[in-house]
1. Failed condition for A:Ile184, given (1) β-branched (Val, Ile, Thr); (2) at pLDDT 95 or above; (3) in a loop (DSSP other than H, G, I, E, B), with all others met?
2. For B:Val95, work out the one condition from (1) within 12 Å of the chain's Cα centre (by Cα); (2) crowded, with 16+ Cβ neighbours inside 10 Å it doesn't fulfil.
3. Return the residues of the stretch B:69-103 that are within 19 Å of B:Arg116 (Cβ to Cβ) and free of Cβ contacts under 8 Å to residues at least 12 places away in the same chain; say none if nothing qualifies.
4. Those residues that are more than 14 Å from chain B (Cβ to nearest Cβ) and in a helix (DSSP H, G or I), I need them from the stretch A:43-70; list them, please.
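The values are calculated or read from the model by the stated rules, or taken from the named source; none is laboratory data. Predicted model, so just to flag it, every value in this text is computed and none were measured. Here the Cβ is made from the backbone with ideal geometry for all residues, glycine too, and neighbour counts use every protein chain on show.
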Amino acid sequence: MAGELLIQVIDIGQFRAIRPALDEVKAGRALGLESRTVLREAAASPFPRGDLNFAGLLARILRHPELELRVFLAQHDLDAVIEGVVHVLCFENGAEFSLTTLVGPSWVVLDSAFGAFMDLDWFRALFLNAALESESSGLPYPRRFDLGYRVLRREDVARMVVGLRPLLDDPAVAFHVQEAAQGIARLAARALSREELTLAHTSLL
Amino acid sequence: MEEEALQKAERLEREAHDAIAEFRLEDAVRLLGEALAIREASQSKGHPDLIWTLSLWIEALRWKHQPESALEAANLGERRLALRRAALAGAPDEVTCSLRELMDLYTFEDDMLDSRRMDELRRELAALPETGRGEQGT
């Protein structure tokens with residue numbers, strides 16, 4: 001197995017909008033009014049209910065606006081809040097994905113199909129070389145150790161759509177590769193449907 | 001002079017944070033030891049700013065995942081709890097969360113590192129009024 005790559009649609013406009021709030025959470029000081037509004041919005045979304053740790057952390061922060069976060073929370077708590085806020089406010093379906101259903105409505109996990117995609121020049125250029133050559137494609141949040149998300153430029157998403165076409169129609173392509181290609185094509189179409197959307201990818205290893 | 005010292009402590013804490021993120025745990029522990037000494041000297045041993053330094057230090061030790069480092073983290077957790085009791089006097093629910101965190105620190109894998117202390121913490125937790133027990137968020 002060459003590795004596992006998760007591809008999802010991200011609202012990069014929303015990410016830019018909440019970035020100051022994420023910076024404030026990272027700093028661990030008392031949050032300003034606008035940052036608390038962002039956290040309240042995250043708490044009101046349906047997704048935190050499935051993550052008791054995240055929901056509990058949001059409730060604790062919002063219950064004590066007067067306190068500096070670093071007094072009652074640890075670094076891993078702040079990281080969990082940042083990750084949860086980005087997931088629920090910037091990704092579709094709260095960034096949900098599955099390792100058993102590799103192609104879902106808002107995600108594609110390249111697992112056994114990863115090797116086949118790595119044989120494609122355009123895929124390596126967009127997902128591997130671009131990531132190595134450009135620090136700017138990396139999202140500053142969330143980050144866990146060296147792992148984080150990278151985002152594609154919209155022109156790269158369009159280039160990817162062209163690159164995927166031969167895989168979609170070729171009967172010689174293995175079923176699981178074709179299924180992954182169809183899933184990515186669907187995510188790409190969704191990403192290109194609105195100016196503020198694009199694709200984000202991260203390693204699951 | 002004190003301002004310079006605090007800036008240095010903050011810089012060391014940021015470097016330690018990056019070191020933890022890169023799994024350079026020995027570096028992180030060294031940096032945090034230095035940051036704590038600076039804060040103790042310039043702010044006093046009871047200053048609430050020491051809480052963050054201790055939290056980062058505890059995090060670095062926990063990632064080492066060794067019984068000895070877990071016990072060291074629990075000892076630092078005791079000191080952090082004492083500071084939090086003062087800093088969170090108006091937020092009893094958060095003191096409760098801190099008690100639970102300390103109990104977690106005394107647990108390494110399935111073992112209790114200090115069962116007598118765990119009993120004390122359990123009793124303190126049980127004696128807290130319902131309103132002060134807060135919401136378990138960690």
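1. Against the list (1) β-branched (Val, Ile, Thr); (2) at pLDDT 95 or above; (3) in a loop (DSSP other than H, G, I, E, B), A:Ile184 comes up short only on (3).
2. (1)
3. Once the filter is applied, which keeps residues that are within 19 Å of B:Arg116 (Cβ to Cβ) and free of Cβ contacts under 8 Å to residues at least 12 places away in the same chain, the stretch B:69-103 yields B:Glu72, B:Asn75, B:Ala82.
4. A:Ala44, A:Gly50
Residues are listed down the side, and each one gets a yes or a no for (1) more than 10 Å from chain A (Cβ to nearest Cβ); (2) under 23 Å from B:Ala82 (Cα atoms):
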residue	(1), (2)
B:Asp18	yes, no
B:Val29	yes, yes
B:Trp52	no, yes
B:Ala60	no, yes
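Okay, residues lined up against (1) touching a helix residue (DSSP H, G or I) at 6+ places or on another chain (Cβ under 7 Å); (2) farther than 30 Å from B:Ala89 by Cα; (3) more than 14 Å from chain B (Cβ to nearest Cβ):
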{"position": "A:Asp77", "(1), (2), (3)": "yes, no, no"}
{"position": "A:Phe91", "(1), (2), (3)": "no, yes, yes"}
{"position": "A:Gly94", "(1), (2), (3)": "yes, yes, yes"}
{"position": "A:Trp107", "(1), (2), (3)": "no, yes, yes"}
{"position": "A:Leu110", "(1), (2), (3)": "yes, yes, yes"}
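Matching residues to (1) assigned to a helix (DSSP H, G or I); (2) closer than 18 Å to B:Trp52 by Cα:
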position: B:Leu71; (1), (2): yes, no
position: B:Gly90; (1), (2): no, no
position: B:Arg100; (1), (2): yes, yes
position: B:Arg117; (1), (2): yes, no
position: B:Glu120; (1), (2): yes, no
